[in-house]
Amino acid sequence: MDQQRDFALTQMRKSVEKLGSSAEDFNFLPLCGTENIKGYGDHTLIRFLIARSMEVEKAAKMFVQWQKWRSAMVPNGFISESEIPDELEARKIFLQGLSGDKFPLMISYYPERLAKCYILHMPWFFVSVWKLVSRFLEKATLEKVVIVTNEDETREFVREVGEEVLPEVYGGKAKLVAIQDVELEPMQNGSN
């Protein structure tokens, strides 16, 4: 398995280079430290491979598109600390805790970071369009998306996410908590 993974990563790096980019050509200074990090690690590249069912060419194309998006959205390679208060003030990011499977209840732009996406209260035409569009999506993506349309699916949704962390508006018992208002309990080693 490791040999297949290493081979796929090597092939992906070559495919990225053929597309005029590089998996190594990246520097950023993380907010949590002072040391520059160079290049994308295997973990990042493998997420793109998994998202494209280990098809190297498709994964490489997706990766290069993501690099372009990221350079436009995060031109310095990191988000400066001065930008964070403005984003938090908008109060549009919520963190409810962990689902029953211990996944954070957040959705990210990046591939293979989403455990499951439940879509609720969709009009019938959206469900019809979804059935048509879903034929063109990767199997791994389809398995993560659940459109909740009936009582059985609603019960499964509440059970899987967890009633205690699910906001009241979606059938749970939790209040929506803006991410900046979340109080973290100290971890066992004493840090947050």
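The values are calculated or read from the model by the stated rules, or taken from the named source; none is laboratory data. Since the structure is predicted, the reported quantities are computational estimates derived from the model, not experimental observations. For neighbour counting, all protein chains shown are included, and Cβ atoms are generated from backbone atoms with ideal geometry for every residue, glycine included.
What is the number of the single condition among (1) at pLDDT 75 or above; (2) exposed (fewer than 14 other Cβ atoms within 10 Å of the Cβ); (3) not basic (Lys, Arg) that MET12 does not meet?
(2) is the only condition that MET12 fails.
If I go through segment 131-158 residue by residue, how many of them are surrounded by fewer than 14 Cβ atoms within 10 Å (Cβ to Cβ) and either of a type in the set (Val, Ile, Thr) or not assigned by TED's automatic domain parsing to the domain that holds GLY171 (or both)?
Residues that pass the stated criteria total 1.
Could you give me the residue pairs with C-beta distances under 7 Å whose first residue belongs to segment 65-76 and is under 18 Å from GLU17 (Cβ atoms), whose second residue is small (Gly, Ala, Ser) wherever it lies, and which are 6+ apart or on separate chains?
Going by the 7 Å Cβ cut-off, the qualifying pairs are GLN67/SER21.
To keep it simple, each residue is scored yes or no on (1) assigned to a helix (DSSP H, G or I); (2) more than 16 Å from LYS144 (Cβ to Cβ); (3) among the aliphatic types (A, V, I, L, M); (4) at pLDDT 65 or above.
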residue	(1), (2), (3), (4)
LYS61	yes, yes, no, yes
VAL64	yes, yes, yes, yes
LYS68	yes, yes, no, yes
PHE78	no, yes, no, yes
ILE84	yes, yes, yes, yes
LEU88	yes, yes, yes, yes
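Restricted to segment 157-192, and to residues that are of a type in the set (S, T, N, Q) and touching a Pro at 6+ places or on another chain (Cβ under 9 Å), which residue is modelled with the highest pLDDT?
Per the criteria, the residue is GLN180.
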